[in-house]
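Asks: The structure that follows is given in the form of structure tokens.
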Amino acid sequence: MDRCALFVDAGYLLADGAMAVHGTRHRDTVSWDFGGLLQLLGNLARERTGMPLLRCYWYEATVEGRRTPEHDALADLPGLKLRLGRIRPGRREGVDTEIHRDLMTLARNGALTDAVLVSGDEDLAQVVTDAQDLGVRITVVHVAVDGNWTISRVLRQECDDLIEIGSGHLRSYVNLLAGMDGASSLGMSPLSNGHGNGSNGHAGSLGPLQPAAHHGPPPASPLSPPATPAPAPPVRDLGPAMTGGFGAPPGATGTGPQMSTGPHTSTGPNVGTGPMPLPGGTGGGLAGSSYGTGGQQVPLQPTA
């Protein structure tokens, strides 16, 4: 069936999203407008795939899998399925397994043609491959922090399409709580591929849900298309990489020819196209291109 579904690794999104906007991955120092955040992701999924959205699956790792009042409020949102895993010392349990189970079930039943995965976790590369073997196209959404990629190279290589969002897209949905001043007072370590403090932001409790738990009838689904879409910052289009001509060769100083976009790539004003940048440059792309602000392209280094 021609539909898409949204799969959100909440630990990754909330930790790196807060880092991008406020310089902290500590979950108890920020509050999120989850309704607005889901609206953003739902619009992005529909816009990129051109398909109606089936639903959103939200995956969260908590201490011993405990369900908090905030999780109950999230689960009350129409169009959202909450899946809880467990945090063990130094690792998460259940999140990757739950994503694999849900995605494989939908794919085998022909319930979707496209999946939009919000994550940067290398462990999900095999999940992507298994879904592709069943004919599902996988678009990965990752968060850029200060122009740096927070997605593993393996996952980036396996997906069919790659979209980057950053502080400009997320700022409206995350607030720093009173008395907190981000990384400066928390001793945050530098960016390390989305795994700050060794836990990728999966420790700690879920921040206060905005708005608070409701009373009376359930709220309208935040995943429903808005009547009048609000303008958003340009979404950095990083794929698909193999649907047309390549961009400028390594070492080029101009913008070079643009990448050809496939049928699943939105052509609206909020999505840019161009050659795929490589991580490591100070500006995130080629000098003078729409992706960077003066950084030089770094040749791709062979893996060991």
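Every number in this text was worked out from the coordinates using simple rules, so none of it is lab data. The shown structure was predicted, so the numbers you read here are calculated from the model rather than taken from an experiment. Glycine gets a Cβ as well: all are built from the backbone with ideal geometry, and neighbour counts include every protein chain shown.
Asks: May I ask you to derive the FRET efficiency for residue 97 and residue 68 from their Cβ-Cβ distance with R0 = 25 Å, giving the value to the nearest 0.05?
Replies: For residue 97 and residue 68, the calculated efficiency is 0.75.
Asks: Calculate, in nm to one decimal, what residue 109 and residue 122 gain on full extension: separation in residues at 0.36 nm each, minus their alpha carbon distance.
Replies: Value of the extension gain: 2.1 nm.
Asks: Over 17 Å, how big is the tail of the calculated P(r) for the stretch 12-96, in percent of all Cα pairs? Present the calculation step by step, with values, prior to reporting the outcome.
Replies: On the way: 2029 of 3570 pairs.
The share of Cα pairs beyond 17 Å in the stretch 12-96 comes to 57 percent.
Asks: Give me the percent of DSSP beta bridges within the stretch 1-138 that run antiparallel, rounded to the nearest 5.
Replies: So the antiparallel bridges amount to about 15 percent of the total.
Asks: Right, next: Just flag the GluC sites (Glu not before Pro) in the stretch 1-87 sitting in loop per DSSP whose Cβ has no more than 12 other Cβ atoms within 10 Å.
Replies: 64
Asks: May I pose another question? Counting residues in the stretch 4-176 as N, plug N into 2.2 N^0.38 Å and put the Cα Rg over that result. Spell out each step's value before the answer.
Replies: Details: Rg = 15.1 Å, N = 173, 2.2 N^0.38 = 15.6 Å.
Working it through for the stretch 4-176, the quotient is 0.97.
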